[in-house]
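*Asks:* One structure, as structure tokens, below. Some questions next.
The values are calculated or read from the model by the stated rules, or taken from the named source; none is laboratory data. Everything quoted here is computed from the prediction, not taken from an experiment. Using ideal geometry, Cβ is built from the backbone for each residue, glycine included, and neighbour counts are taken over all protein chains shown. When the accessible area is computed, the model is the full protein with side chains, heavy atoms only, and any ligands, DNA or RNA have been set aside. Shrake-Rupley method; radii C 1.70, N 1.55, O 1.52, S 1.80 Å.
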Amino acid sequence: MATLQVEIVTPEVALWAGEATALIARSSEGDFTIMSQHTPTVGDIIPSVVRVETSEGEIAFAVHGGYFQVGPDEAEGVTRATVLAGVAERTTQIDVPRAQAAKEAAEAQLAAATRGEASDHAANLLAEAALQRAELRLQAAAG
Amino acid sequence: MAGGQERILRRRIKSVQATRKITKAMELIAASQIAKSQARITANRPYRDGMRRIIVEAALGDPAAAKKLLTMPEKVDSAIVLVVTGDRGLSGAYNSSVMRRAERLVNSLRIEGTDVRLYAVGKKATAFFRFRGMRVEENFIGFADRPSFADARTVAATIAAPFIDGEVQQVLLVSTNFLSAGTQTVGTRQLLPLAMPEPVLTNEPEKSKGYTEFEPEVADLLFFLAPRALESEIFSALLEGAASFHISQQRAMAAATDNADELGQTLSRIMNRARQDSITTEIMEIVGGAEALRSGK
């Protein structure tokens, strides 16, 4: 039986590993779906929601940018898909009020920057990244 | 009277016992940290291995692009040495063995005519190298015990900048490798250019498992992937360093506790003998006095 083994890992913790029917994600070239027997592929993942379809239903992860690799496993007939993300979380574990607060804080910082009040370039870049993360979290948590 | 000596001994025993309590507490704390830091290494392994696989895959996919990024230049004029130590002492030879290895490396590089810039993680490094007349460009402090991935990114960004600008051609890492709970060894590794397994470097035409697709193009992918791989390698090194530190400290503090036990025992033996001596003397005096009184009657 041809099967697909999916791993979602971050530097701090291996989020999920197991057998799946499909892996759906978004790279800089567009959305893609990976199933068993997929061509060996290496690519990036832009900040988006990554979905893993298993026989018990769908599991979604908010992935804040990363990479993926698909290839045959040492075991016969097994395709292995690995998603490497610097930051990622299960959508069910997203702290919505916290993400909302982070979004508002980042927006306030950026609004101040456009008014020309906050000139710290690094802080503004951080706020921009924080805003992106918060927005993705809110969107992912909403389903 | 011998009572004075007894009092001094009593005070020393007390101080030894107080020290023992401290070392025992540190031993227990370190022991509890060992399990945690080991669990973090285990949790990091899939990411580290996955990152290495991707880099190899990408390098095999476009050896020309990989070569530019990943091969050593003919001549290294300038290099960075990154030293990973701990923030705290009382950990046996953990800090000093890493720093001594780094010192040897720096000296041998300088003899070869390579200019060396030192970067260090851990509080102990600056003092050590300043004493030897070596300047530490930047010392990262405060996270050696419990490094986070964000810390690794900071370190990676700092040391990658001169490499990307072409100011240095090589980045070396001196750190402690955590092989198992029983074995940790100090090792030197090349971080940049990214270390590649043999078949990629020798560029043998295709032992690869076949055709791999890339999106986006390999060259673009590698450009962004390389910094991630560096962060991953540094993070693993920090985690292994932290675990090794805790193990080293636990061992050192266990030995210190044993020593305190032994010293306390020796001291209380001496004190007991001194006390017995003084009691014997006192009895002799009383008996002598009573004899004198009786015979003088």
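*Asks:* Please calculate the 1.4 Å probe accessible area of B:MET99, with all protein chains present, and give it to the nearest 10 Å².
*Replies:* The accessible area comes out at roughly 10 Å².
*Asks:* If DNA, RNA and ligands are ignored and the probe is 1.4 Å, what is the ranking of B:ILE34, B:ILE286 by accessible area, most exposed first?
*Replies:* B:ILE286, B:ILE34
*Asks:* Only four residue types carry charge here, +1 at the Cβ of Lys and Arg and -1 at the Cβ of Asp and Glu. Report the dipole size of chain B about the Cα centre in Debye, rounded to the nearest 20.
*Replies:* Here the size comes out at about 1880 debye.
*Asks:* Using the Karplus curve 6.51 cos²θ - 1.76 cosθ + 1.60 with θ = phi - 60°, work out ³J(HN,Hα) for each residue of the range A:47-55 in order, rounded to whole Hz, and write x for Gly and Pro.
*Replies:* So the Karplus estimates, Gly and Pro as x, are x, 6, 8, 9, 10, 10, 9, 10, 5 Hz.
*Asks:* Here is a follow-up. How large is the direction-averaged shadow of the alpha-carbon convex hull of the range B:46-142, in nm²? Present the calculation step by step, with values, prior to reporting the outcome.
*Replies:* Numbers: hull surface 33.8 nm².
Here the figure is 8.4 nm², rounded to one decimal.
*Asks:* Over the range A:95-142, what per residue volume does the convex hull of the Cα atoms give, in whole Å³?
*Replies:* Value for the range A:95-142: 54 Å³ per residue.
*Asks:* Can I ask one more? Ordering B:ARG12, B:ARG20 by how much accessible area each has at a 1.4 Å probe, largest first, what is the list? Show your work: numbers first, answer last.
*Replies:* Values: B:ARG12 120, B:ARG20 70 Å².
Ranked from most to least accessible, the order is B:ARG12, B:ARG20.
*Asks:* Which listed residue (A:GLY18, A:PHE32, B:LEU90) has the Cα farthest towards the positive end of the charge dipole for the protein assembly as shown, taking +1 on Lys and Arg C-beta and -1 on Asp and Glu C-beta about the Cα centre?
*Replies:* Of the candidates, B:LEU90 comes out farthest on the positive side.
*Asks:* According to the Kirkwood expression over distinct Cα-Cα pairs, how big is the hydrodynamic radius of the range A:4-92, in Å?
*Replies:* 12.7 Å
*Asks:* Given H placed on each backbone N at 1.01 Å, which residues far from B:PHE140 in sequence or on other chains put an amide H within less than 5 Å of it?
*Replies:* So B:PHE140 has HN proximity to B:ALA120, B:VAL121, B:GLY122.
*Asks:* Extent of the range A:45-96 along each principal axis, from alpha carbon coordinates, in Å, largest to smallest?
*Replies:* 42, 25, 12
*Asks:* What shape does chain B take by its C-alpha gyration tensor, where a ≥ b ≥ c are the square roots of the eigenvalues and a/c under 1.5 counts as rounded, a/b above b/c as prolate, and the rest as oblate?
*Replies:* Cα axes put chain B in the prolate bin.
*Asks:* Subtracting the Cα-Cα distance from 0.36 nm times the residue separation, let me have the gained length for B:ASP77 to B:THR185 in nm, one decimal.
*Replies:* Full extension of this stretch gives 36.0 nm more.
*Asks:* Compute a Gaussian network model of chain B, connecting alpha carbons closer than 10 Å, and tell me which residue from B:VAL287, B:VAL121, B:VAL174 fluctuates the most.
*Replies:* Greatest mean-square fluctuation among the candidates belongs to B:VAL287.
*Asks:* For A:GLN37 and A:THR92, what is the calculated FRET efficiency with R₀ set at 22 Å and r taken between the beta-carbons, to the nearest 0.05?
*Replies:* For A:GLN37 and A:THR92, the calculated efficiency is 0.15.
*Asks:* Let me ask something else about it. Evaluate the distance, in nm, between pseudo-label points positioned 7 Å from the Cα of A:ASP73 and of B:ILE283 along their respective Cα→Cβ axes.
*Replies:* With each label point 7 Å from Cα toward Cβ, the separation is 8.1 nm.
*Asks:* Right, here's the next one. Springs between alpha-carbon atoms under 10 Å, Gaussian network over chain A: tell me which of A:PRO72, A:PRO97, A:PRO47 tops the mean-square fluctuations.
*Replies:* The residue with the greatest mean-square fluctuation here is A:PRO97.
*Asks:* Still on this structure, I have one more. Give the residue from A:GLN109, A:ALA122, A:LEU138 lying farthest towards the positive end of the charge dipole for the range A:95-142; charges sit on Cβ (+1 for Lys and Arg, -1 for Asp and Glu) and the dipole is referred to the Cα centre.
*Replies:* Toward the positive end, the furthest listed residue is A:LEU138.
*Asks:* If B:ILE8, A:ILE8 are ordered by their accessible area, calculated over protein heavy atoms with a 1.4 Å probe, which sequence runs from highest to lowest?
*Replies:* Largest to smallest exposure gives the sequence B:ILE8, A:ILE8.
*Asks:* 5 Å is the cut-off here: which amide hydrogens, built 1.01 Å from N in the peptide plane, fall below it relative to A:THR54, excluding neighbours closer than 5 in sequence?
*Replies:* Hits under the 5 Å cutoff: A:THR21, A:ILE59.
*Asks:* A follow-up question, please. Over chain A, what is the mean sequence separation of C-alpha contacts under 8 Å (at least six apart), divided by residue count, expressed as relative contact order in percent?
*Replies:* Once divided by the residue count of chain A, the mean separation gives 22 percent.
*Asks:* Output the antiparallel fraction of DSSP beta bridges having both residues in the protein assembly as shown, as a percent to the nearest 5.
*Replies:* Antiparallel bridges: around 65 percent, rounded to the nearest 5.
*Asks:* Just to confirm my numbers, what's the Cα centroid distance between the range A:53-122 and the range B:206-278 in Å?
*Replies:* Between the Cα centre of the range A:53-122 and that of the range B:206-278, the gap is 30 Å.
*Asks:* Wrap a convex hull around the Cα atoms of the protein assembly as shown, take a quarter of its surface area, and give that in square nanometres. Before the final figure, lay out each step's value.
*Replies:* Working: hull surface 137.9 nm².
The Cα convex hull of the protein assembly as shown, projected and averaged over all directions, gives 34.5 nm².
*Asks:* Determine which residues of the range B:9-30 fall in the zone a paramagnetic label at B:ASP261 would reach in this model, i.e. backbone nitrogen under 19 Å from the point 7 Å along Cα→Cβ.
*Replies:* B:13-30
*Asks:* Probe radius 1.4 Å, ligands and nucleic acids ignored: give me the carbon and sulfur share of the accessible area of the range A:62-101 as a rounded percent.
*Replies:* Details: 850 of 1820 Å².
Looking at the range A:62-101 in its full context, I get 47 percent from C and S.
*Asks:* For A:ASP73, list long-range residues whose amide hydrogen, built 1.01 Å from N in the peptide plane, is under 5 Å from its own amide hydrogen.
*Replies:* A:VAL78, A:THR79, A:ARG80
*Asks:* Report the relative contact order of chain B, percent, no decimals, based on alpha-carbon pairs under 8 angstrom and at least 6 residues apart.
*Replies:* Reported as a whole number, the value is 33 percent.
*Asks:* Anything over 29 Å Cα to Cα? Flag those among B:LYS67/B:LYS124; B:LYS75/B:LYS124; B:LYS14/B:LYS123; B:LYS36/B:LYS123; B:LYS36/B:LYS124, in the order listed.
*Replies:* Pairs exceeding the cut-off: B:LYS67/B:LYS124; B:LYS75/B:LYS124; B:LYS14/B:LYS123.
*Asks:* Only four residue types carry charge here, +1 at the Cβ of Lys and Arg and -1 at the Cβ of Asp and Glu. Report the dipole size of the protein assembly as shown about the Cα centre in Debye, rounded to the nearest 20.
*Replies:* 3100 debye
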